[in-house]
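The values are calculated or read from the model by the stated rules, or taken from the named source; none is laboratory data. The structure displayed is predicted, hence computed values, not measured ones. All Cβ positions, even for glycine, are placed from backbone atoms using ideal geometry, and neighbour counts span all protein chains on display. For the accessible areas, the whole protein counts, side chains as well, though only heavy atoms, and no ligand, DNA or RNA atoms are used. Shrake-Rupley method; radii C 1.70, N 1.55, O 1.52, S 1.80 Å.
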Amino acid sequence: MTVVEAAAPELPDLPAASAARFVGDRRAYWRLLIRGAVLLAVTLGIYRFWFATELRRFLWSNTEIVDETLEYTGTATELLTGFLVAIALLVPLYLGFALAALSLGPAGQLISTLSFPLLFFLGQFAVYRARRYRLTRTIYRGVRCHQGGSALRYAVCAVFWWLLIVLTMGLAYPFAQARLEGFKLRHTYYGNLQGRFDGSGFRLFLRGLPMWLLVAGPLVFALAFSVATVEWDKVVEAAISTGSGADFINQLETAFPAVYTAIVISVVAIAMSVLMTAVLFPVFQAMMLRWWLSGLRFSTLTIRSDLRTGAIYGAYLRFLWYGLLFLIAEVVAGVAALMIANPALAALGKPDAAEIAEAVIGLGLYVTTMLGFSAIYQGTVKITLWRSGVESITLTGADALDRVDAEGAPSSAVGEGLADALNVGGF
Amino acid sequence: MTSGAGIYFDGSTSARHRVTVDAAPEALRILDGDGTVIAAWPYAALRAMSAPEDLLRLGRLNDPSLARLEIRDAALIAVIDDYADGFDRTGISERRTRARVIVWSLAAAASLVLVAVVGVPMLTDRLAPLIPLTVEHRLGVAMDAQVRALLDDGKSEKPFECGTIDTEMPGRDALDTLIGRLERAAALPIPLRASVVRRSEANAVALPGGHIYVFEGLIARARSPDELAGVVAHEIGHVAHRDGTRSLLQAAGLSFLFGIMLGDFTGGGLVVIAAKTTVQSAYSREIETAADGYSVRLMTDAHGDPRALGAILTRIAGAIEPGSKILSDHPQTKDRVAAIDAAAASATASPQPLLTPTDWTALKRICG
């Protein structure tokens, strides 16, 4: 097969700035979600490999960037195989943890304590590998995306940054994101076109700081207040010297009234902080997505996102509204089922069967609730994040996409399997 | 012969080629603007790749180059569809695959449940005796510290363990006499470490490594040494059957089985816990029934009254037990008592008092 480049019909001149669109039909997506939820329940979750593949196919193939849609070529069988391999790798590890905890005494305890950081590390490793799988299954204009870089190095960096995030009460988060996304994008390729990440951690920090103050501020204030007003060393002394709990409480009331003020302030502060988190979460999510999209670079291609926070809020409100309707329907259905099943079985003289029926109906309701809410979340919030994200971007220098040479090969799905087994799955 | 417009990507670069697609009977021909044939794809190798609704995106089977041909012309799509039976525009083969997946998943789920209900207990029954007693002992020491911390509510000013201060010493001696008699009859491979603790519930617990805790409330409600001994013998049954280790192994096995295999689909977490609780309760009920049987035999061997266990169980539990049967970790009391009485009927009893009245009075005062 030969291709004569010059002989190809002339392409229309592309404008300097081009856009991206999401062309998917909302109802088609809901159909996928509902069918998936039912099949997940029926197959005890084994259908999830097929479900994830269907969703990705839909999202990818309806995402249009400069007049061409993406294509997802991954298959459910690959995911299933990856999962089985991951299980085979994890079984000896879990067995080792269990045996160490059983037999080695203090050393075993040390290993048990280390198991959480180790699994976290493994989770980060899996996240990077899973990203590689998804990228190598992403085709655009007949050219594959791919990802290099060492997943081990990524996992080491990620563990370091997450440690820092925890130690700084989240203040290091913007810098961590900038560095980790930088690592990922540096190793991301579309054909021979290398990616880059231009998002500034410091700018994200400045933008996120007011939100951090609103969420963490009350907590810090409550902590400072209780340290300043209460003489904790004396309270501890009193707690040690008094024998029983009741005596200690009595003594607190008279000797240290400030303790009660501190407790009330702490409770109010925690409530405020939780409320602020709930209210600000969509703002945070929109800010992160906007920042991330605007930082993406491929050679001369730059991307800018003007994502509106209102769109994300709207999605969450729809989620709450649909969720409420679904919950009401659930309660009605559950009560009806109990009212029919219980007396019927009791009348037949089978109280044991009635009890089992009750448990089964309860478990069934729980499963439908969880799967239903998951579907509603994906049908409202997730799809809006994707659609609004895609539609918010403007591409400059998109002609860089016209001259890309094919490169890269498909990678295995073991990373996806690990991520699934370790419960750190992404899309 | 039908032809129409299409967009072709040759798979080696990302350049868009506007082409004319010619659906000839022998092969799908791709022509450039001059009418030169760029490629001819046989219909048998055609695959419809994932694409938006109104677009037919064609690739070739086993083609490593990822060349793609995109067609939006509905009439042309229909013609190609007629020629090529390799791709699945109507979704029939996809539906067939899905049906197969569901059937196999159901089979996998059934086998999972079978392994959980039958396989895991079978495995742990065989594994538990293989775990060295030294390991069980260390496990017992670790658990002992945790359980003590859990049970000790610190309400009393006296030490948590009864029988440790001077006034309570005679009670401790009486307890040792009682335990000693049972222990001799039981001939266990490990020494028992029994103690009475200040808890008001009428209960007793056994831990791996031979630790047995009798609660103060049980001693208060026991009307004879045989009733107390019956409960202690039940706990010795747990020690002899190594139930603590078995339960640990079972819990680990079930967590693994349900936790990893079911994966992390939403809501899976609680289903896993519910499934685990239900299956574990079933195991536990079997274990309790076996310990009751052991108590009857041990009490017979120790020349006590094997029926006393049933008597104290009835008194403690009362007539009606509330709560769900499938989630309860002990069998229902009336079933237990009936089983105990049936087993005791076949036992040749030659009762001798387990404790002298003086010792029994002392034991009743072990907690002051």
Item to check | Condition met for A:Y47 (under 23 Å from the mean Cα position of the chain (by Cα) and not β-branched (V, I, T)) | outcome: yes
Checklist entry - Considering only residues of the range A:174-220 that are open to solvent by 20 Å² or more (accessible area, probe 1.4 Å), touching a Lys or Arg at 6+ places or on another chain (Cβ under 8 Å) and not in a loop (DSSP other than H, G, I, E, B), which is nearest to A:A158 (Cα to Cα)? => result A:K184
Item to check | Residue list for the range A:118-162, restricted to those being more than 16 Å from A:L180 (Cβ to Cβ) and polar (S, T, N, Q) | outcome: A:T136, A:T138
Item to check | Filtered residues of the range A:83-122 (kept if within 12 Å of another protein chain (Cβ to nearest Cβ) and modelled with pLDDT of 90 or more) | outcome: none
Item to check | Residues of the range A:396-414 classified as within 14 Å of another protein chain (Cβ to nearest Cβ) and out of contact with any helix residue (DSSP H, G or I) (no Cβ under 8 Å at 6 or more places or on another chain), total | outcome: 10
Checklist outcome for this item: Filter the range A:278-323 for residues that are part of a loop (DSSP other than H, G, I, E, B) and not acidic (D, E); the one that is most open to solvent (accessible area, probe 1.4 Å) is A:R308
Item to check | Residue in the range A:118-168 that is surrounded by the fewest Cβ atoms within 10 Å (Cβ to Cβ), counting only those that are in a loop (DSSP other than H, G, I, E, B) and either within 17 Å of the chain's Cα centre (by Cα) or at positive phi (or both) | outcome: A:G149
Item to check | Considering residues of the range B:55-75 that are assigned to a loop (DSSP other than H, G, I, E, B) and not small (G, A, S) only, the residue farthest from the other protein chains (Cβ to nearest Cβ) | outcome: B:D73
Item to check | Which listed residue is facing chain B (nearest Cβ under 8 Å) and open to solvent by less than 10 Å² (accessible area, probe 1.4 Å), from A:T69, A:T63, A:T53 | outcome: A:T69
Checklist entry - For the subset of the range B:30-44 comprising residues that are within 60 Å of the chain's Cα centre (by Cα) and crowded, with 18+ Cβ neighbours inside 10 Å, which member is nearest to B:Y8 (Cα to Cα)? => result B:I30
Next on the checklist: Please pick out the residue among B:R57, B:R68, B:R18 that is in contact (Cβ under 8 Å) with a residue 24 or more places away in the chain and under 28 Å from A:Y190 (Cβ atoms).
Outcome noted: B:R68
Next on the checklist: Which residue is farthest from A:N192 (Cα to Cα), if the candidates are limited to the range B:26-43 and must be part of a loop (DSSP other than H, G, I, E, B) and more than 7 Å from chain A (Cβ to nearest Cβ)?
Outcome noted: B:E26
Checklist outcome for this item: When every residue in the range B:142-196 that is under 19 Å from B:L355 (Cα atoms) and among the charged types (D, E, K, R) is compared, the one surrounded by the fewest Cβ atoms within 10 Å (Cβ to Cβ) is B:R184
Checklist entry - So, of the residues in the range A:363-373 that are open to solvent by 40 Å² or more (accessible area, probe 1.4 Å) and out of contact with any Phe, Trp or Tyr (no Cβ under 8 Å at 6 or more places or on another chain), which turns out to be nearest to the other protein chains (Cβ to nearest Cβ)? => result A:M370
Next on the checklist: Restricting to the range B:45-54, and then to whatever is closer than 17 Å to B:D85 by Cβ and open to solvent by 10 Å² or more (accessible area, probe 1.4 Å), can you tell me which residue is nearest to the other protein chains (Cβ to nearest Cβ)?
Outcome noted: B:M49
Checklist entry - Does the range A:375-387 hold any residues that are open to solvent by 20 Å² or more (accessible area, probe 1.4 Å) and within 16 Å of A:L307 (Cβ to Cβ), and which are they? => result A:K382, A:L385, A:W386, A:R387
Checklist entry - Which condition does B:T97 not pass, out of (1) buried (at least 16 other Cβ atoms within 10 Å of the Cβ); (2) among the β-branched types (V, I, T); (3) within 30 Å of B:P52 (Cα to Cα); (4) within 14 Å of chain A (Cβ to nearest Cβ), if it passes all the others? => result (1)
Checklist entry - Is one or more of the residues making up the range B:8-25 of a type in the set (D, E), modelled with pLDDT of 85 or more, more than 27 Å from A:V23 (Cα to Cα) and part of a strand (DSSP E or B)? => result yes
Checklist outcome for this item: Only unsatisfied item for A:S18, checking (1) facing another protein chain (nearest Cβ under 10 Å); (2) modelled with pLDDT under 80; (3) open to solvent by less than 70 Å² (accessible area, probe 1.4 Å), is (1)
Checklist entry - Yes or no: A:A155 within 22 Å of B:S255 (Cα to Cα) and of a type outside the set (S, T, N, Q)? => result no
